[in-house]
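Okay, so here's the structure we're looking at.
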Amino acid sequence: MSLMSTSISALNTAQIGLATTQHNISNVRTAGYSRQSAMQATNYATVTTVGCIGQGVHVETVLRSYSDILTKQLHDAQTRSSETNAYYSMISRIDNLLADPDSGLSPMMAGFFKAVQDVAANPATISARQAMVSAAQALVTRFRTLEDRMFQLYDETNTQLISSISEINAYTDQIAELNRQIVGLFGYGHPPNDLLDRRDQLVLELNELVKVNTYLDDNNGLNVFTSSGQSLVVGAQTIKLEARPSAADPERYIIAQKGSIVELPDSYMSGGLVGGLMLFRREALDPAANSLGQIAASIALTMNAQQELGQDLLGSINGDMGFVSQFFTLSSPKSIENSRNTGTGIVNSFEFTVPLNMSADGNFYTELTNSDYEVRFLSPPAGPDDFIITRLSDKRIVATGTATGTPGVPGSGTIVQFDGLTLELSTGHRAGDTYRLEPTREVARNIKVNQEMAGDVRRIAAAMPIRTSADPNNSGVAQISAGEIVSVNYVMPTTPWEITYSYSTVNSRWELNINGTPGSVDVNGVPQSFPIPYNSGDTITIDGFRFTITGLPDDGDRFILEHNDGGIADSRNAVKMGALQTALTMNGTPTSGVSTFQTTYAQMTSKIGTQTKTALSNGMAQDLVLNQAIEKRSELAGVNLDEEAANMLNYQHSYQAAARMLNTVSVLFDTLLSIRS
């Protein structure tokens with residue numbers, strides 16, 4: 001009887017081995033499948049007087065080739081590869097957009113300032129002025145085109161986040177269902193290999209979307225968390241996520257636990273496609289869109305400021321004689337009230353700071369940054385309207401104060417100035433109320449050439465409103481420069497001012513005096529009052545108008561400062577406009593600017609280019625790491641058809657041998673039975 005059972009056990013074991021081998025061969029192309037092996041063991045032997053006699057073989061279990069370390073390495077490599085590739089695919093589009101010599105901003109800026117210089121060379125020529133306006137319109141069109149492309153990337157990022165979160169929820173549902181099945185099947189004492197493989201594959205595919213960490217519980221259920229600790233799967237339960245508009249900015253989608261008002265910070269969703277999108281938006285898209293708006297705003301603001309210091313062909317100036325038209329029009333900086341604010345206070349107004357700063361050399365510059373800001377009202381013991389303003393790019397507090405005034409009544413609230421911006425806040429806020437300030441985000445898509453300017457090019461203020469001259473009866477050889485306005489608070493002489501050169505016996509010096517009492521006078525930047533000593537080449541500034549007198553005057557020589565009536569051939573202000581191209585107009589400090597328009601744009605494109613190249617390099621490296629991780633897992637868990645063919649022959653021979661042994665046993669029994677009969 002033992003011969004029969006031994007033969008049958010061998011036959012069954014070979015059959016299971018053949019079935020396992022066939023299962024491996026069938027799943028050679030199945031993603032995530034781990035090669036399985038039938039683990040054999042001898043049956044308990046029968047103890048006899050002659051020794052222990054074996055009772056055959058049995059299959060203890062079917063094991064899959066699995067390594068927790070290799071699996072985690074594969075998951076980590078997958079999420080890093082997906083993140084870098086998603087980041088690169090998005091940032092490369094910004095790089096191509098900004099760096100393209102035809103579609104980029106550089107040629108349009110160069111063309112505009114070339115047209116400004118042509119007006120400076122021919123201020124009375126209408127065609128030159130028309131060309132300047134046309135070049136300005138081409139420039140704003142390019143700004144708006146680039147900004148529209150940026151906003152398309154914002155929309156695409158939002159769309160991909162919505163789709164990705166939906167996929168994440170689908171994966172977590174499947175993992176939770178597999179947990180339920182696996183926990184139940186483990187109760188029978190053997191691992192459900194195919195279900196375990198399927199669960200591991202789902203976790204791998206989930207890592208393509210977001211980096212997750214997994215932990216086995218005591219029942220062999222797999223708990224899944226994001227890298228920041230946000231629960232996704234706990235046993236057979238799932239915690240659903242959603243992508244929705246942020247309360248701080250409805251155009252910006254964030255991730256949150258479904259049904260919760262708490263928004264997860266971008267950094268909480270790292271790795272995978274979602275992490276790559278978040279990183280791209282935070283580190284590349286936001287700075288690029290803001291920098292583009294910063295350049296647009298700076299060009300418009302400095303050009304408008306210089307325009308306002310000039311005189312147009314109609315004789316208009318910003319004074320008693322009328323007003324010159326602004327060259328560009330801009331939208332106001334964007335402030336967004338958090339939708340969860342509970343107070344009644346509001347932002348009464350948010351504007352670019354006017355007048356602009358002017359450096360010592362008479363050059364306009366802005367202090368605008370490419371950062372967004374947050375206004376937060378504080379909790380007790382601070383007062384209900386105490387606030388802090390934080391620059392989000394470096395988390396630096398740029399202003400603090402207490403809001404006052406009536407909501408919605410401009411001019412009644414607390415005015416705060418920072419980074420080239422002016423903000424007015426009213427009372428009525430509650431602790432925790434916030435505002436997001438995006439001062440340059442949408443400027444480039446809204447910049448325009450002023451309609452009045454486009455309709456009448458004579459409005460270009462190419463001339464200076466004040467001119468100088470030397471009395472034709474002067475007997476000396478001294479000359480006075482044409483002069484320039486160097487202050488937004490310049491004062492127009494209501495009647496000509498005469499500066500006279502004479503010798504003072506009281507002061508024992510040759511000096512200059514003036515027929516009147518100017519509000520401010522300085523010589524070489526040092527405040528003084530008339531009469532002032534005469535030194536050839538001194539820089540003299542009277543009420544914001546700067547000039548020099550050089551050479552040797554004679555006693556009684558006179559120099560005139562007066563309104564520039566009929567100055568149609570004067571191009572001094574157009575020259576100052578053209579000089580903005582190479583002047584330090586941007587990223588200013590309280591004393592001066594530090595970079596040009598072109599430099600700022602070049603820095604922006606260079607940074608994006610560097611980030612793009614780094615992303616490409618990192619992506620290639622991560623793909624290599626991923627391929628290596630796949631190969632290592634395949635070496636352990638992959639199905640080798642040659643090996644399986646050998647196993648199949650081995651099990652086939654074992655089966656045949658067991659069958660022959662069973663046949664032999666049958667013949668023996670027949671022989672015994674025939675002897676008895």
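Read the figures in this text as sums done on the coordinates, not as results from a lab. Bear in mind the structure is a predicted one, so any value in this text is a computation, not a measurement. Cβ placement follows ideal geometry from the backbone for every residue including glycine, while neighbour counts extend to all protein chains displayed.
Given +1 on the Cβ of Lys and Arg, -1 on the Cβ of Asp and Glu, and no further charges, what dipole in debye does the chain carry about its Cα centre, rounded to the nearest 20?
1800 debye
So, R0 is 35 Å and r is the distance between the beta-carbons of A621 and R29; what FRET efficiency does that work out to, to 0.05?
That pair, A621 with R29, gives E of 0.80.
Once Kirkwood radius over Cα pairs in Å is worked out from the coordinates, which option in (i) 25.8; (ii) 28.8; (iii) 32.0 does it equal?
Only one option fits the structure, namely (iii).
For the residues L392, L626, what sequence is obtained by ranking on other C-beta atoms within 10 Å, fewest first?
Final ranking by Cβ density, sparse to dense: L392, L626.
Can you tell me the FRET efficiency between R509 and R282 if r is taken as the Cβ-Cβ distance and R0 is 60 Å, rounded to the nearest 0.05?
0.40
In nm, to one decimal, how far is the modelled label at V667 from the one at D538, with both set 7 Å along Cα→Cβ?
Calculated label separation equals 13.4 nm.
Cα-based Rg (one decimal) and Dmax (whole number) for the range 466-563, in Å?
Cα only, the range 466-563: 12.4, 37 Å (Rg, Dmax).
Can you give the helix-only mean residue ellipticity at 222 nm for the chain, where every DSSP H stretch with n ≥ 4 adds -39500 (n - 2.57) and the sum goes over all residues, rounded to the nearest 500 deg cm²/dmol?
Rounded to the nearest 500, the figure is -14500 deg cm²/dmol.
Starting from 0.36 nm per residue, how many nanometres of slack lie between V354 and R396 once their C-alpha separation is accounted for?
12.8 nm
What order do you get for H58, H563, H75, H190 when you list them from fewest to most C-beta neighbours inside 10 Å? Could you put the intermediate results ahead of the total?
Values: H58 15, H563 20, H75 23, H190 12.
Result, fewest neighbours first: H190, H58, H563, H75.
Compute, for the range 86-188, the length of the dipole vector about the Cα centre, with Cβ point charges of +1 (Lys, Arg) and -1 (Asp, Glu) only. Units Debye, rounded to 20.
Taking the Cα centre of the range 86-188 as origin, the dipole is about 420 debye.
Identify, among Y188, P107, L178, the residue whose Cα sits farthest towards the positive end of the charge dipole of the range 73-217, taking +1 on the Cβ of Lys and Arg and -1 on the Cβ of Asp and Glu, with the dipole about the Cα centre.
P107
Any idea what angle helix 286-308 forms with the longest principal axis of the chain, computed on alpha-carbon atoms, 0 to 90 degrees, nearest 10?
Approximately 10 degrees, to the nearest 10.
Can you give me the distance in nm between label points at A236 and S469, each placed 7 Å from the Cα along the Cα-to-Cβ direction?
10.0 nm
Which of the listed residues, M278, A305, L378, is farthest toward the dipole's positive end in the range 256-384, when Lys, Arg count +1 and Asp, Glu count -1 at the beta-carbon?
M278
For T582 and T406, what is the calculated FRET efficiency with R₀ set at 51 Å and r taken between the beta-carbons, to the nearest 0.05? Can you show the working numbers first?
On the way: r = 46 Å, r/R0 = 0.90.
For R0 = 51 Å, the calculated efficiency reads 0.65.
Can you find, among V477, T548, N515, the residue sitting farthest towards the positive end of the charge dipole of the range 466-563, where Lys and Arg contribute +1 and Asp and Glu -1 at Cβ?
The residue sitting most towards the positive pole is T548.
How big is the charge dipole of the range 466-563 about its Cα centre, in debye rounded to the nearest 20, if each Lys and Arg gets +1 on its Cβ and each Asp and Glu gets -1 on its Cβ? Walk me through the intermediate numbers first.
Values: 4 positive and 11 negative charges, 25 e Å.
In total the dipole reaches around 120 debye.
In the range 181-221, whose amide N lies under 17 Å from the spot 7 Å out along Cα-to-Cβ of A19? List them in ranges.
188-195
Quick check on the exposure proxy: order D623, D118, D102 from fewest to most C-beta atoms within 10 angstrom.
Fewest to most other Cβ atoms nearby, the residues stand as D102, D623, D118.
Which of the lysines could a cross-linker span from K240 if the Cα-Cα distance has to be under 30 Å and same-chain partners fewer than 8 positions apart are dropped?
Straight-line reach from K240, under 30 Å: K72, K211, K258.
Run the reach check for K395 against lysines, Cα to Cα strictly under 25 Å, same-chain hits fewer than 8 apart removed. What comes back?
K334, K607
Extending each Cα 7 Å along its Cβ direction at E562 and D194, get the distance between those two points in nm, one decimal.
Reported label-point gap for E562 and D194 is 10.4 nm.
Could you work out how much longer the chain between N12 and E60 gets when fully extended? Use 0.36 nm per residue separation minus the Cα distance between them, nm to one decimal.
Separation in residues times 0.36 nm, less the Cα-Cα distance, equals 16.1 nm.
May I ask for the distance between the Cα centers of the range 385-445 and the range 324-358, given as a whole number of Å?
Using only Cα atoms, the two centres lie 9 Å from each other.
Check the straight Cα-Cα distances from K613 and name the aspartates and glutamates below 13 Å, setting aside those fewer than 8 residues away within the same chain.
Qualifying aspartates and glutamates at Cα under 13 Å: D95.
Find the Cα radius of gyration of the range 263-354, compare it with 2.2 N^0.38 Å by division, and give the number to two decimals.
Its radius of gyration relative to the 2.2 N^0.38 Å reference: 1.69.
So how much slack lies between N640 and F151, counting 0.36 nm per residue of separation and subtracting their Cα-Cα distance, in nm?
Values: separation 489, 0.36 × 489 = 176.04 nm, distance 5.02 nm.
Between N640 and F151, full extension yields an extra 171.0 nm.
Scan the chain and hand back the longest stretch that contains none of the chymotrypsin sites (Phe, Trp or Tyr not before Pro) lying in DSSP loops with at most 14 other Cβ atoms within 10 Å.
Result, exposed sites excluded: 324-677.
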